[in-house]
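For reference, the structure discussed in these notes is given below.
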Amino acid sequence: MAKSEFLLKSLNFFKASSLLFGFAEPPRFIKKLDSSKLVKQHDSTTYECKIGGSPEIKVTWYKGETEIHPSEKYRMSFVDSVAVIEMHNLSVEDSGDYTCEAQNPAGSASIRFFTVKYLLLIAPPTFVKKLSDLTVVVGESIELQATVQGSQPISVLWLKDKGEIIRESDNLWISYSENIATMQIGNAEPTNAGKYICQIKNDAGVQECFAVLKVLGW
């Protein structure tokens, strides 16, 4: 008998004997879950971990303390010692701690491997209140304002006409506070007339709205 064949048969005999005589190896995590993932709304993501130990190993997934069952949102598999959970069409409500638990018949032994999983979902920026067209007289003050929502941080950029970036000056101020984007002009001039664009952006997307400003002479 070749040496390699002898070793293989010996290994198989050892595994069978281990199960027969109660020497089953309890589960252990060879490859652990990732620490965290950042995903966008409606995206999909996958978590996996590799598990060692004597068969049969039962794998259970949890969100918090609640067991996860197969559904359109969750698909789970355990093949070749790799436990996988696929999560689809994610929403902000899916944020939380996800845990993989492994058990086998090694007496009463079981292992629950807790990894705190923060599934961070980013809501794209949207306008709750868009800019409104405005007509003023030369010398009057101007205020363009939009209310936004979405996951922070949100960056705000003001543009004019064909996309020229608007920057602050002695007569123009820009602010963004408590989800309100504001552009103010102290004294309107004819050159201020035009199309003003408010662009909001975060890691999940970008949105724009615009208003037309008319400046009338005396």
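The values are calculated or read from the model by the stated rules, or taken from the named source; none is laboratory data. Being a predicted model, the structure only gives us computed values, none of them experimental. FYI the Cβ positions are ideal-geometry reconstructions off the backbone, even for glycines, and counts take in every protein chain you see.
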Original post:
Restricting to region 172-203, what's the tally of residues that are outside any strand (DSSP E or B) and out of contact with any Asp or Glu (no Cβ under 9 Å at 6 or more places or on another chain)?
Top reply: 8
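State all residues of region 129-168 that are small (Gly, Ala, Ser) and either free of Cβ contacts under 8 Å to residues at least 60 places away in the same chain or surrounded by fewer than 14 Cβ atoms within 10 Å (Cβ to Cβ) (or both); if no residue qualifies, say none.
Scanning region 129-168 gives Ser132, Gly139, Ser141, Gly150, Ser151, Ser155, Gly163.
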Original post:
When the residues of region 53-68 are filtered to those that are closer than 19 Å to Ser81 by Cα and either of a type outside the set (D, E, K, R) or not assigned by TED's automatic domain parsing to the domain that holds Tyr98 (or both), which remaining residue is surrounded by the fewest Cβ atoms within 10 Å (Cβ to Cβ)?
Top reply: Pro55
Original post:
Does Ala188 satisfy the criteria of being over 30 Å from Gln41 (Cα atoms), small (Gly, Ala, Ser), in contact (Cβ under 8 Å) with a residue 12 or more places away in the chain and surrounded by 18 or more Cβ atoms within 10 Å (Cβ to Cβ)?
Top reply: yes
**OP:** Would you mind stating whether Phe210 is under 25 Å from the mean Cα position of the chain (by Cα) and either charged (D, E, K, R) or assigned to a strand (DSSP E or B) (or both)?
**Re:** no
Original post:
Taking strands (runs of 3 or more DSSP E) that do not extend beyond region 118-171, which have at least 2 residues that are farther than 17 Å from Gly194 by Cβ and touching a helix residue (DSSP H, G or I) at 6+ places or on another chain (Cβ under 7 Å)?
Top reply: 118-122
Subject >> Filter result for the condition that a residue is out of contact with any Asp or Glu (no Cβ under 6 Å at 6 or more places or on another chain) and at pLDDT below 95, over Phe210, Phe113, Phe127 >> reply: Phe113
